[in-house]
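Read through the structure below, which is laid out as structure tokens, and then see the notes.
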Amino acid sequence: MKTLWLSLLLSTILLTTFNSCSSSDEGGCGKVSNVNVYSTSPTQISFNFQTVNGVNSYIIEYGVAGFTKGTGTSFPTSQSGATIENLTPSTLYDIYITSLCEQGQTNFYKISNIATEQSQCTGQVSATLNQWYSTQNIEIYFEYNGGSVQGYEVEYGLQGFIVGSGTKLNFNTNSGTIQGIQTNTTYDIYVSAVCFESDKSEAQKYTYTTIGPCPKPIFLNTTLISGSCTQGTAYRNFSWNYDYSNAQSFTISLVGQGGLPQNGNQFTTSNESIAFSNMFCSWNQFYVRANCSDGSTSEWAGPINF
């Protein structure tokens, strides 16, 4: 009888111990411990932790404080720590570290209300855009009034694109080039200064319509070399700039005041200047256009009075 009583007592103790262990370790899948957030910046949070024996993989999930687990941004790791990047300055975040155990078991540890630092990129960025050298490229020149920067980020796409879905470029100098753009097309271009890692200034939006495949000449100028138009002895030079490689020739049109270039006296040259002698005063304005290799012609540039 005593032996039976001792046997029942021992069975009761063992059953109680097993049930207590199952309840406390959530099915035998342990959670990480000794979690330490050792570094924060305006856009990053770095932390490490004590791993779980027998567990080789973890899921890091994060989001703005209060987010529902399973709806945040997540990534796997097999390391004993991680750095989360591209965060928003001056923002509270929650982080879940989930252990991935055998047979699909999981257990998580939550870090709550970790604050990123205030942005150091509080100045304003501006940009100048042009296409002086190519019909397929946009040249960008940056300025930032908030101190030193590491570089600049550009995101661009067709007009109306959703920010985050465009093409991103990074430049570490105060100028850059967007290559391979379409002619006669309107783009939205967002420009940000990058002050430290991914700490960026507020983006400035520019809407830019690219030039056509045969741009018109620029920087028109005329100079009287000698003589006088009143005597019919004027010797005058006409010049312009054309930095693109697709012009085969140029047509200059000389008109009277208010005349239309298509009705003027037209002359063609393969150079970016031309001179005429024995000119009278009946001509006092000039236009010029490019004749491109694809057979198209540019708009008339001008008029320039003389």
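The values are calculated or read from the model by the stated rules, or taken from the named source; none is laboratory data. Just so you know, these numbers come straight off a predicted model, no measurement behind them. For neighbour counting, all protein chains shown are included, and Cβ atoms are generated from backbone atoms with ideal geometry for every residue, glycine included.
Taken over the stretch 227-242, residues that are part of a loop (DSSP other than H, G, I, E, B) and more than 31 Å from the chain's Cα centre (by Cα) amount to 4. When you check Asn265 against the structure, is it surrounded by fewer than 18 Cβ atoms within 10 Å (Cβ to Cβ) and either over 47 Å from the mean Cα position of the chain (by Cα) or under 28 Å from Thr135 (Cα atoms) (or both), yes or no? Answer is yes for this residue. Scanning the stretch 78-86 for residues that are touching a residue at least 24 places away in the same chain (Cβ under 8 Å), assigned to a loop (DSSP other than H, G, I, E, B) and exposed (fewer than 12 other Cβ atoms within 10 Å of the Cβ) turns up at least one hit. Taking the stretch 176-222 as the range and being over 30 Å from Phe276 (Cβ atoms), touching a Ser or Thr at 6+ places or on another chain (Cβ under 9 Å) and among the hydroxyl-bearing types (Ser, Thr, Tyr) as the test, the residues that pass are Thr177, Thr183, Thr185, Thr186, Tyr187, Ser192, Ser198, Ser201, Thr207, Tyr208, Thr209, Thr210. Strands (runs of 3 or more DSSP E) fully within the stretch 113-213 that include at least 2 residues being among the small types (Gly, Ala, Ser) and over 17 Å from Pro42 (Cα atoms): 125-130, 175-178.
Count of the stretch 268-298 residues, restricted to those that are surrounded by 15 or more Cβ atoms within 10 Å (Cβ to Cβ), part of a loop (DSSP other than H, G, I, E, B) and out of contact with any Pro (no Cβ under 7 Å at 6 or more places or on another chain), is 3. Is it the case that some residue within the stretch 217-226 is small (Gly, Ala, Ser), in a strand (DSSP E or B) and not assigned by TED's automatic domain parsing to the domain that holds Asn137? Checking the stretch 217-226: at least one residue is small (Gly, Ala, Ser), in a strand (DSSP E or B) and not assigned by TED's automatic domain parsing to the domain that holds Asn137. Identify all residues within the stretch 287-306 that are touching a Lys or Arg at 6+ places or on another chain (Cβ under 9 Å) and either of a type in the set (Phe, Trp, Tyr) or more than 16 Å from Ser239 (Cα to Cα) (or both); write none if there are none. Matches in the stretch 287-306: Thr297, Ser298, Glu299, Trp300, Phe306.
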